[in-house]
1. Can you tell me how many residues within the range 381-395 are farther than 18 Å from A317 by Cα and assigned to a helix (DSSP H, G or I)?
2. I'm told Q514 meets every condition in (1) touching a residue at least 12 places away in the same chain (Cβ under 8 Å); (2) out of contact with any helix residue (DSSP H, G or I) (no Cβ under 9 Å at 6 or more places or on another chain) except one. Can you identify the failing condition by its number?
3. Would you say N402 is farther than 26 Å from L289 by Cα and not in a helix (DSSP H, G or I)?
4. So which of E354, E347 ends up being more than 28 Å from the chain's Cα centre (by Cα) and in a helix (DSSP H, G or I)?
5. Consider E191 carefully, then state whether it is part of a helix (DSSP H, G or I), surrounded by fewer than 21 Cβ atoms within 10 Å (Cβ to Cβ) and acidic (D, E).
6. Between residues in the range 391-407 that are closer than 15 Å to W369 by Cα and residues that are among the charged types (D, E, K, R) and open to solvent by 10 Å² or more (accessible area, probe 1.4 Å), which pairs lie under 6 Å by C-beta distance while being six or more apart or on different chains?
7. For a quick check of your reading of the model, give me the residue pairs whose first member lies in the range 472-497 and is within 15 Å of E511 (Cβ to Cβ), whose second is among the hydroxyl-bearing types (S, T, Y), with beta-carbon atoms closer than 6 Å and at least 6 apart or on different chains.
8. List the pairs whose first member sits in the range 293-309 and is under 11 Å from Y320 (Cα atoms), whose second member is polar (S, T, N, Q) and open to solvent by 20 Å² or more (accessible area, probe 1.4 Å), and whose Cβ atoms are under 9 Å apart, counting only residues at least 6 apart or on separate chains?
Amino acid sequence: MKRCPECRRDYYDDTLLYCLDDGTPLLDGPVSMDEPQTAILSEPGGVATGFRGGEDETRQQTLTTEQTAILQTGAEAEPQKSWGDASEKQSLSANRAAKPLMAIGLAIIILIGGFFGYRYFKSAGGEQINSVAVLPFENRSGSTDTDYLSDGLADSLIYRLSQLPNLKVSPTSSVMRYKGKETDVAQIAKELEVDAVMSGRLVQRGDDLSISVQLIDSRSKKLIWAEQYDRKMADLLATQREIATTTTQKLQLKLAGDDTKGITKRYTDNNEAYQLYLKGRYHWGKRTLDDQTKAVDSFKAAIEKDDNFALAYSGLADTYSVLPFYQGGRANEFVNKGMPYAVRALELDNQLAETHSSLAFVNEGSWKWAEAESDYRRALELNPNYSSALMRFARFNIHVLNRDEEGLALIKRAVEIEPSSAVINDNLSRTYLSQGKADLALEQAKKTVALDPNFSFGWIDLAYSQLANGQTAGAWTSAQNVVEITKRSNRSLICLGFVAAASGHRDEIDEVLQELEQRTPTVRLTRRGLGLCRSG
């Protein structure tokens, strides 16, 4: 159990750090009974006024004078021995004694009021918060099946707060590494270089949903705001908007007009569709074949619930766009599948960076390069910090438009925004490798593998970078790792065969060739062909 030393409210959730009423740090167990009691000053008429301060030096401020009156607390007062002149003198004496007492009391009121007023307005008008990190919400439901809800809620808040032009918000990929770890606000804020950190917990019990949120100024380690929302699952959309709006108010951002539209915008009115969309993005971000398949199912189900949900169409187009990298097959087949969804997404909402980026990517795959460039640029106009669009436009500049420097600048910017994204870091490594910067490619590939040891493309590009730097033994180990991780996918086997050819493992080459030809009988590879597959 924890207790607030100020308001003495008890909390039975040991994960809470601050009082939800006054923001005071909570203490473990009940406060000691030996704690000095708050002084009570009495005003005429027997009305007691309490003053409770947040600092130790204000807690025991008491007044004693020779004329201090003893307040009656239920016992009978001692009867007066005389009335008349004695009463008049007593009244005059009491009046004289009361004046300095009242003056001192008034001074204390002013001092205490001024002290807390200073603290309040200093906090309210102090250094403005310009950056925030929303940590993955802790799932206290007892089942990993609802992780998509806790992760999705944090991701949605990140997305909405990112719409604010004067607030830097750490992207989802940067904060996901803290999932399931003990929250050290100061350390996290230092690593992410933010002024404030939001954390929370989510509990789902049937149709009941409980969400606890707290926002802490990492510089002063003081609570800015905390709240608990007890809602129904059907209220998830409204609750998410409410939290984002309240957070904006508590951060005291000076916003006006359309600057707040991303916070309150209604992307769908169907709660089930929204939950399915969250589940789809959750799986899409996992970057495995099984998860991409689940993402397709989730996005399609979301569209069935709300066929005007632009983000769900965009998510489905994005998933089809990356499927060939994990499933194999002809890229143009998946582009043709994704195209109608990307077009529909833009028709539904042309003010979203996501819809323009999705259409740009399928246009690129259809060799509609002028349209692709136009949509990439529009996506980045709508959201200059949309890292997925930055990454894709970077590749487009390098491989299609032959603008190496512009492409390199774009992918570096994407890494700056999402330093913990394995996918984006891998694309930077691949960019360095394509530009002949083997040492930088190797350094970046090592970072990618460290970020996500289960991300297959990280190991593939590490193997190629090691080969480019003459590290054949390391390349062979990396190639074997990726084959094991992907359970011998076509792309991993091509990598293994290429490294085998380059590093002298001759026996393995024929084995890889036979396995690939059995899987794709219409395609015949040779030892030389393995080298040509490297950039695929």
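The values are calculated or read from the model by the stated rules, or taken from the named source; none is laboratory data. Owing to the predicted nature of the structure, the values given are computational and were not obtained by experimental measurement. With ideal geometry, Cβ positions are generated from the backbone for all residues, glycine too; neighbour counts draw on all protein chains shown. Ligands, DNA and RNA are stripped out before the accessible areas are found, and what is left, the full protein with its side chains, is counted by its heavy atoms. Shrake-Rupley method; radii C 1.70, N 1.55, O 1.52, S 1.80 Å.
1. 4
2. (1)
3. Details: farther than 26 Å from L289 by Cα: yes; not in a helix (DSSP H, G or I): yes.
Taking the combined requirement at face value, the residue satisfies it.
4. Working: E354 fails: more than 28 Å from the chain's Cα centre (by Cα).
E347 is the lone residue from the list that is more than 28 Å from the chain's Cα centre (by Cα) and in a helix (DSSP H, G or I).
5. yes
6. F396/E364; N397/R403; N397/E406; I398/D404
7. W476/S503; V483/S492; S492/T486
8. If the second residue must be polar (S, T, N, Q) and open to solvent by 20 Å² or more (accessible area, probe 1.4 Å), the pairs left are T293/Q327.
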